[in-house]
Ligand SMILES: C[S@@+](CC[C@H](N)C(=O)[O-])C[C@H]1O[C@@H](n2cnc3c(N)ncnc32)[C@H](O)[C@@H]1O
């Protein structure tokens, strides 16, 4: 945990509940150890979506559809959400959850490996939520940038790897070094790419909020 547990507990104690179907799906997911975005990340996403009002959302990493359904409650009418998942066991559950929530029309689930799906997708999207294999984010970035329209937001979750990201390469277990190096490279790219303006926020397990647009040229 990168944020003091007392701080997180306090912030989350102020939270109000989601609608019943979301509460149910979140409970079921947690009971079967399926990852879902944390409560503090949920609030952050809701606020961002209400500010941005996106009409085409892309999510990488559906799991059982909780975050896609959460997002669907905070976007304008007519918005379409596309979400990508490659784990066969989770795909039918996600589809069933979209049906239970009455959102099968609004949310399209694409089955397959994100790197291949992203390569074949056509944009533009005005909001992209990255929540899949952390070591792959750097490889997805060229396609994500191609798919994201000017002024679009990219939200990347879990960028601090439970705090390992601050540690030197040698303090990290050998088997985690590749992912550590790739995530550092990803964060460096988000901060230095001329097409992006990025804020890295110690929220949940770390989130990077990037906006596409060549604003950097005015300052560098
Ligand atoms: C953290 S979970 C997503 C949680 C979900 N966004 C939510 O909050 O409800 C990450 C998901 O990404 C999927 N995933 C990992 N690597 C992937 C890949 N290469 N292509 C597609 N999906 C992938 C995993 O199977 C997993 O279900």
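Stretching residue 181 away from residue 20 to a fully extended chain increases their span by 53.9 nm, per 0.36 nm per residue minus the current alpha-carbon distance.
Who wins for biggest fluctuation among 145, 121, 22 in a Gaussian network model of the chain, springs between alpha carbons below 10 Å? Among 145, 121, 22, the largest GNM mean-square fluctuation belongs to 121. In a fully extended conformation the segment linking residue 146 and residue 201 would gain 17.4 nm over its present Cα-Cα distance, using 0.36 nm per residue. Taking the chain as a Gaussian network of alpha-carbon nodes connected by springs under 10 Å, the highest mean-square fluctuation of the residues 181, 63, 132 belongs to 181.
Express in % the proportion of alpha carbon pairs of the chain at distances exceeding 28 Å. Of all Cα-Cα pairs in the chain, 27 percent lie more than 28 Å apart. A full extension of the chain between residue 214 and residue 99 corresponds to an added length of 37.4 nm, given 0.36 nm per residue minus the alpha carbon distance. Taking the chain as a Gaussian network, where each spring joins two C-alpha atoms under 10 Å apart, which residue of 55, 183, 160 fluctuates the most? Largest GNM mean-square fluctuation: 55.
Take every DSSP beta bridge whose two residues both sit in the chain; close to 35 percent of them are antiparallel.
The calculated pair-distance distribution of the range 1-94 uses every alpha carbon pair, bins of 10 angstrom beginning at 0, and gives 14, 44, 34, 7 percent.
No lab work stands behind these numbers, since they all come straight from the coordinates. Predicted, not measured: the structure shown is a model, and the values here were computed from it.
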